Amino acid sequence: EKSWVRIVTGQTPTNIAVIKYWGKRDENLILPINDSISVTLDPNHLCTTTTVAVSPAFDKDRMWLNGKEISLAGDRFQNCLREIRKRATDVEEEEKGIKIAKKDWENLHVHIASYNNFPTAAGLASSAAGLACLVFSLARLMNVKEDQGQLSAIARQGSGSACRSLYGGFVKWIMGKSEDGSDSFAVQVTDEKHWDDLVILIAVVSSQQKETSSTSGMRESVETSLLLKHRAQEIVPKRILQMEEAIKNKDFPSFARLTCADSNQFHATCLDTTPPIFYMNDTSHKIISIVEKWNRAETTPQVAYTFDAGPNAVLIARDRKAATQLLQRMLYYFPPGADADLNSFVVGDKSILQ
Ligand code: PMV
């Protein structure tokens, strides 16, 4: 039999939550205990590029991350692969002599090569970009006809936050009510052109892998934190509505207030967990103080901060002028040098999936 290879490459940016997802009600299907909202970054700065290939010559599914082979045995990869394979359709590439019928996909294996252009597992939501990109690229490879919303529900089963990376701009992950997760998917709130004054700057405090994975951190918080329960039931539903309003109206003062408060409450629930989880460090706390003092000294807030499950600061400036001032302040308080507290900055504008 004549051998062939069909190859598809996809690129997916990471996303940063401004109303955080923390806590699952179903660990296997990855169903959250509250809605969340994020902003998708510019793919030029923080993204995953994934090339997927299929060939009758491949004898098993294999994956490489940043050039190193990793196991695909975990449930999350398997769930995504299974859900995409189920929806595969006929593919024909005449000039290459490729003809794959729907039923052939069951017996064909894929090779996956994925690269992050930013530190993996350091609180820069690498799993979000990675799993979203995997699902997006495999769906293209297998000619899956599902829309972005349905693909987001599949990506969700790889990593919760991944479902929000299938859209650009501001994105909401609706928690859903069903037991099977069919109504737990992402929708776009506003597209990437809507609020293009915003400039996002990431202060890389540490590119080390985090100590507590988000999976075990969430599990411990759900099991032990009363604050998390209160947050999910009483606080987040109202905040989601206010955040959607702030985004639609480009109301930066409200946006900044909600973003900072939600980040701080998420880290408070981590502290309220037994044993307590610390994702931020002294440098993170110093950044919060600097931004808080600056915002208070101005007539209106200039910058919002938010931290995920790691010490790196995501700083969202209201415009380019504020971003320039922010960078100047950061370089003043954290002078670059041999044992600097801050390693580097990554600048990203919000943008669209390519
Ligand atoms: O999807 P995960 O398991 O990487 O969890 C992400 C959790 C946070 O980044 C802390 C919050 C969020 O909504 O992205």
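The values are calculated or read from the model by the stated rules, or taken from the named source; none is laboratory data. Here the structure is a predicted model, which is why all the values come from computation and not from measurement. No Cβ is skipped: glycine too gets one built from the backbone with ideal geometry, and neighbour counts run over all protein chains shown. Ligands, DNA and RNA are excluded from the accessible area calculation, which covers all protein heavy atoms including side chains. Shrake-Rupley method; radii C 1.70, N 1.55, O 1.52, S 1.80 Å.
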Complete set of residues in region 204-231 that are assigned to a helix (DSSP H, G or I) and surrounded by fewer than 21 Cβ atoms within 10 Å (Cβ to Cβ): T215, S216, G217, R219, E220, V222, E223, T224, L226, L227, K229, H230
Whichever residue in region 239-251 is in contact (Cβ under 8 Å) with a residue 40 or more places away in the chain and open to solvent by 10 Å² or more (accessible area, probe 1.4 Å) and, among such residues, is farthest from the ligand (Cβ to nearest atom): K250
Positions within region 167-224 being among the aliphatic types (A, V, I, L, M), within 19 Å of R25 (Cβ to Cβ) and out of contact with any Pro (no Cβ under 8 Å at 6 or more places or on another chain), in sequence order: I174, A186, M218, V222
Every residue from region 267-280 that is surrounded by fewer than 16 Cβ atoms within 10 Å (Cβ to Cβ) and either within 15 Å of the ligand (Cβ to nearest atom) or within 29 Å of L327 (Cα to Cα) (or both): A268, L271, F278
Test for I98: is it more than 19 Å from the chain's Cα centre (by Cα) and either at pLDDT below 95 or within 14 Å of the ligand (Cβ to nearest atom) (or both): yes
Selected residue [open to solvent by less than 50 Å² (accessible area, probe 1.4 Å), free of Cβ contacts under 8 Å to residues at least 60 places away in the same chain and in a helix (DSSP H, G or I)] from S254, S165: S254
Pairs with Cβ under 9 Å, 6+ apart, first in region 58-74 and in a loop (DSSP other than H, G, I, E, B), second charged (D, E, K, R): L72/K60; L72/D61; L72/R62
Output for region 245-285, where each listed residue is aromatic (F, W, Y) and within 22 Å of P301 (Cα to Cα): F252, F255, F266
Failed condition for D183, given (1) at negative phi; (2) outside the structural domain of S161 (by TED's automatic domain parsing): (2)
Residue in region 154-186 that is farthest from the ligand (Cβ to nearest atom), counting only those that are under 14 Å from the mean Cα position of the chain (by Cα) and among the aliphatic types (A, V, I, L, M): L166
Looking only at region 101-125, and only at residues there that are under 12 Å from the mean Cα position of the chain (by Cα) and buried (at least 21 other Cβ atoms within 10 Å of the Cβ), the one that is modelled with the lowest pLDDT: G123
Any chance T9 is modelled with pLDDT under 95 and touching a helix residue (DSSP H, G or I) at 6+ places or on another chain (Cβ under 9 Å): no
Matching residues, region 152-161, being part of a helix (DSSP H, G or I), open to solvent by less than 10 Å² (accessible area, probe 1.4 Å) and in contact with a helix residue (DSSP H, G or I) (Cβ under 7 Å, 6 or more places away or on another chain): S152, I154, A155, R156
Meets criteria (in contact (Cβ under 8 Å) with a residue 12 or more places away in the chain and either in contact with a Cys (Cβ under 6 Å, 6 or more places away or on another chain) or more than 16 Å from the ligand (Cβ to nearest atom) (or both)) for V189: no
Filter pass, R87 being within 19 Å of the chain's Cα centre (by Cα) and in contact (Cβ under 8 Å) with a residue 12 or more places away in the chain: no
Selected residue (only one of D75, D42 is more than 22 Å from D147 (Cβ to Cβ), in contact with a Ser or Thr (Cβ under 8 Å, 6 or more places away or on another chain) and modelled with pLDDT under 95): D42
Criterion (within 13 Å of the ligand (Cβ to nearest atom), among the hydrophobic types (A, V, I, L, M, F, W, C) and assigned by TED's automatic domain parsing to the domain that holds C133) met by exactly one of I70, I30: I30
Filter result for the condition that a residue is crowded, with 24+ Cβ neighbours inside 10 Å, among the hydroxyl-bearing types (S, T, Y) and farther than 19 Å from A309 by Cβ, over S182, S137, S178: S137
Criterion violated by V187 - all others in (1) open to solvent by 10 Å² or more (accessible area, probe 1.4 Å); (2) farther than 29 Å from N79 by Cα; (3) among the hydrophobic types (A, V, I, L, M, F, W, C) satisfied: (2)
